[in-house]
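These notes concern the structure reproduced below.
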Amino acid sequence: MRKHSVCACRDSGAVNSFKAQTACSDDIERFRHGKRDWETLFCSVFIIVLIRYNHHMYKLALFDLDGTLTQSEFGILASAKYALEKFGIYEADEKKLKRFIGPPLYVSFSEFYGLTGADGEEAVRLYREVYEAENFKNAPVYEGIPAALLALKDAGRSLMVVTSKPQGMAERVVAHVGLEKFFDAIVGPGREMLTPSKTVLIQKALALSGARKEEAVMIGDRKFDIEGAKGAGIASVGVLYGYGSREELEAAGADFFAPTPAGIARLII
């Protein structure tokens with residue numbers, strides 16, 4: 001039986017993609033079982049080496065906040081329940097409430113509970129009323145994040161936070177949990193922006209940093225982070241310890257995956 005001479009990883013998307021890595025690894029395994037030839041082996045090994053080399057080309061790491069740096073569900077869910085109850089909506093399903101983590105608040109209230117227009121704006125106001133008073137403090141930093149950020153800084157990487165949370169509020173959260181020393185800037189929308197674009201926020205961060213697109217990577221736990229990165233033309237890392245599933249991140253087109261905060265540092269350094 002003739003061995004196949006085809007490098008599947010060449011046809012699986014960009015060189016710095018998870019699909020390419022998986023395809024190359026599969027080709028190497030098939031070579032071990034006599035189902036691929038030497039040409040395919042060399043191609044697959046070359047692509048994997050190139051991918052790993054490209055990891056070290058990222059000079060700017062952009063971090064999402066909720067679900068990436070902080071385990072923010074506690075304050076967010078309590079604030080969402082408070083706002084919904086003011087409209088006579090009593091949501092006991094925690095899984096449904098967790099949908100508030102990631103998208104802009106107005107989008108969550110309108111798409112999940114039909115609160116649009118003036119009602120949607122009032123729901124956002126009510127949420128912020130209790131979140132900004134006290135609930136924002138109930139968002140512990142994920143274990144391993146400080147060590148990962150320190151490793152990245154020691155390796156000479158520039159770090160920024162890029163979040164859909166209003167910038168002033170994001171700055172308070174980052175300061176409260178003691179992470180502000182790691183970041184060169186925090187980029188978020190103005191309070192008046194009800195449906196901020198993650199792509200636009202990433203583009204703003206790139207402009208502030210002066211980094212080229214190929215030098216930057218977005219790190220986040222939801223599809224909004226990955227789609228925003230794609231829209232801005234930069235690479236992305238989907239973290240698997242946050243609120244989005246691997247399936248969600250794969251469907252959105254994440255280039256890499258990090259199961260832990262330490263995994264983020266290993267990918268970029």
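Values as computed for the structure displayed
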| quantity | calculated |
| --- | --- |
| Exposure ranking of ASP225, ASP93 by accessible area [1.4 Å probe, largest first] | ASP93, ASP225 |
| Percentage relative contact order, the range 127-269, counting C-alpha pairs under 8 Å, at least six apart | 21 |
| Amide N proximity, the range 190-228 versus LYS95 label position 7 Å along Cα-to-Cβ, cut-off under 20 Å | 222-223 |
| For VAL187, residues with placed amide H under 5 Å, excluding near neighbours | VAL161, VAL162, THR163 |
| Long-range HN-HN contacts of ALA235 with modeled amide H, under 5 Å | ALA216, MET218 |
| In the range 59-131, the trypsin sites (Lys or Arg not before Pro) that fall in loop regions by DSSP, at most 15 other Cβ within 10 Å | LYS86 |
| Cβ-defined net charge surrounding LYS165, 11 Å radius [Lys, Arg +1; Asp, Glu -1] | -1 |
| Spin-label pair GLU134/VAL200, simplified geometry with 7 Å Cα→Cβ offset, distance in nm | 3.5 |
| Loop-located trypsin sites (Lys or Arg not before Pro) in the range 170-220, at most 15 other Cβ atoms within 10 Å (DSSP) | ARG191, ARG212 |
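The values are calculated or read from the model by the stated rules, or taken from the named source; none is laboratory data. Given the structure is predicted, the values throughout are model-derived calculations rather than measurements. Quick reminder, even Gly has a Cβ in these numbers, built from the backbone with ideal geometry, and neighbours come from all protein chains shown. To get the accessible areas, we keep the full protein, side chains included, count just its heavy atoms, and leave off ligands, DNA and RNA. Shrake-Rupley method; radii C 1.70, N 1.55, O 1.52, S 1.80 Å.
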